[in-house]
């Protein structure tokens, strides 16, 4: 075990003092939208967060060479809110190691006036899950009344990572990604429709030229449509679909055919471009004491939206569910879903999975009783034309 010396304690104290001094520096983090007229009426100072300590004793018959026999740590995560502006910091101390975590400069202001809400800084907006589900650092504007709504934004979707290429510990590079989007919607009663548009692209000059042979700048255009129809409050149909035009390399050769060049003003078709589809639909039935639904989702292979962190693709799934209440006390429900991947038959095998659920519950003299059964099974089918093997692998998992 390393012994503590006066010089070591002095360096540790210096690092701790510097970290605490940095933690007291101001940073502005995201805050919720609020009416401008209410800012002056709000509490001037609100302090929230947590402070704690962890203490661990370790003993092993193999000796103490693996870790210290006594490990102590202290952490603090605090947030100072002054008239709606947040200043967070965090600090972690463990034995003689100091790990200081401090967020990058992040600011958000979302003032609202009547039917309008503005977004300045690190913000997010409600879009389709197939189009945009990440925050942006820029500006945005939302407008909504009882039936109509619209929004627009422009900003940075992803910061650049541009370490020195000669540094052996350099991180994986990534381009700065810009994006802008608009949405418009209408709803009345149980019926609604929303249209989404997203344009995203990487900035080629945001990383060192030597990195560009390793990663290529990308570009994307996504159109989304989301809606719901209801009939007499017992039958409903909801759908959410999107189509994505994605280019894996913005600097690849452009397709010069007349058909492809018709869309040059909004998207330049290149030889690394592809068009993919994703969507889902749900049909629901609600009656007195009974409800049921059927769900289907289909996402093409290689579907990509640069406005999402990640979207699983290359699969389709079908699901059924039903539930009822008997004698005002007994609740019964069941569901089933099946999923299959390898839609283009390009993988060596196809995976088919099935999930079963059944539940029964009742209330007896203010005591709840519930029983649950789950079963999950999947099979791997190897494609004979690719592997010369027609065997199948099966696994089953059950839970009560």
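The values are calculated or read from the model by the stated rules, or taken from the named source; none is laboratory data. What you see is a predicted model; the values in this text were computed from it and never measured. Methodologically, a virtual Cβ is constructed for each residue, glycine included, from the backbone with ideal geometry; neighbour enumeration extends over all protein chains shown.
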Within region 207-219, residues surrounded by 20 or more Cβ atoms within 10 Å (Cβ to Cβ) and in contact with a strand residue (DSSP E or B) (Cβ under 6 Å, 6 or more places away or on another chain) come out as 217, 219
Can you run down the residue pairs with Cβ atoms below 6 Å, 6 or more apart or on separate chains, where the first is in region 163-179 and on the phi > 0 side of the Ramachandran plot and outside the structural domain of residue 135 (by TED's automatic domain parsing) and the partner is modelled with pLDDT of 85 or more and not in a strand (DSSP E or B)?
none
Take residue 171 and decide whether it is loosely packed, with under 13 Cβ neighbours inside 10 Å, out of contact with any strand residue (DSSP E or B) (no Cβ under 9 Å at 6 or more places or on another chain) and assigned to a loop (DSSP other than H, G, I, E, B).
no
With 297, 375 as the choices, which residue is part of a strand (DSSP E or B) and either under 30 Å from residue 157 (Cβ atoms) or in contact with a helix residue (DSSP H, G or I) (Cβ under 8 Å, 6 or more places away or on another chain) (or both)?
297
Residue among 244, 230, 236, 252 that alone is in contact with a strand residue (DSSP E or B) (Cβ under 6 Å, 6 or more places away or on another chain), outside any loop (DSSP other than H, G, I, E, B) and surrounded by fewer than 17 Cβ atoms within 10 Å (Cβ to Cβ)
230
Only residues that are farther than 21 Å from residue 305 by Cβ and part of a loop (DSSP other than H, G, I, E, B): list them for region 203-221, please.
207, 208, 212, 213, 214
